[in-house]
Amino acid sequence: MSKTLAACFVAAMAFAAVPALAQTAKPAPAAAAAPAAEDKYVGYYYPKPTTVENYTSAMQTIPGAERQQRVQFVTVVSQGTIQSAYRVPYSVFVKGDKAEKLIIVGLQPGELNSIYRVRAILANMTTMSRLSPFFQERTVAEDANFFDLLKLLGFTQLTATDGEKFAYQVNVK
């Protein structure tokens with residue numbers, strides 16, 4: 001990803017930082033689970049998820065990580081994608097009463113249309129997360145991943161979709 005996008009991502013993490021003790025993590029493997037009974041965003045922002053998984057993080061949500069910090073985090077990340085020197089293939093935004101649901105939508109046909117493409121984007125986000133001082137101070141960066149960052153910030157769900165037929169959802173616990 002471009003240096004501009006990476007810098008904005010790092011700035012977003014620093015911007016979202018609130019005091020907390022450093023934590024160590026051993027990422028737990030994701031396990032398949034049934035989709036949530038009622039998801040009011042299905043049919044509006046994304047189709048019914050094709051795959052739903054649970055991710056149990058060893059991280060603790062940072063005290064004081066509230067709606068405002070999650071909105072700020074995603075606002076800075078989104079601003080970085082909008083101001084990028086190249087077309088970023090997805091949009092990132094939050095939903096939920098507490099802004100606890102992160103949604104990533106592919107912007108062109110054929111993008112984010114498989115679990116493998118979504119996981120590749122999430123792997124890139126893990127790489128960018130690991131570079132940030134925020135993440136390094138609160139985790140063992142080489143052992144933690146993007147889902148752990150979401151847990152630190154108080155997100156409970158991530159949904160990635162091609163915006164047409166495919167959606168992948170992860171419940172972060």
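The figures follow:
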{"read-out": "Where Cα atoms sit under 17 Å apart: lysine pairs in the range 96-173 separated by 8 or more or lying on different chains", "value": "5"}
{"read-out": "Backbone HN-Hα couplings from phi across the range 72-81 [Karplus 6.51/-1.76/1.60, Hz, Gly and Pro as x]", "value": "4, 4, 5, 4, 5, 4, 4, 4, x, 6"}
{"read-out": "Full-extension gain in nm, residue 86 to residue 108, via 0.36 nm per residue minus C-alpha separation", "value": "6.5 nm"}
{"read-out": "Isotropically averaged projected area of the range 59-153, using the convex hull of Cα atoms (one quarter of hull area), nm²", "value": "6.6"}
{"read-out": "Cα-centre dipole for the range 72-173 with unit charges at Cβ (Lys and Arg positive, Asp and Glu negative), debye to 20", "value": "120"}
{"read-out": "Sequence-distant residues sharing a close amide H with residue 55 (under 5 Å, placed H)", "value": "171, 172, 173"}
{"read-out": "Amide hydrogen neighbours beyond the local backbone of residue 107, cut-off 5 Å, H modeled", "value": "90, 91"}
{"read-out": "Share, in percent, of DSSP beta bridges within the range 73-162 that are antiparallel, nearest 5", "value": "55"}
{"read-out": "The range 50-159: chymotrypsin sites (Phe, Trp or Tyr not before Pro) in DSSP coil with no more than 14 other Cβ atoms inside 10 Å", "value": "86"}
{"read-out": "C-alpha center-to-center spacing [the range 83-131, the range 43-82] in angstrom", "value": "10"}
{"read-out": "Potential lengthening between residue 75 and residue 136 on full extension [0.36 nm per residue; Cα-Cα distance subtracted]", "value": "19.8 nm"}
{"read-out": "Neighbour net charge for residue 159 - beta-carbon separation under 10 angstrom, K R +1, D E -1", "value": "+1"}
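Computed from the coordinates by the stated procedures, all read-outs in this text should not be read as laboratory data. Fair warning: this is a prediction, and the values are worked out from it, not measured in the lab. So basically every Cβ, Gly included, is an ideal-geometry build from the backbone, and we count neighbours across all protein chains shown.
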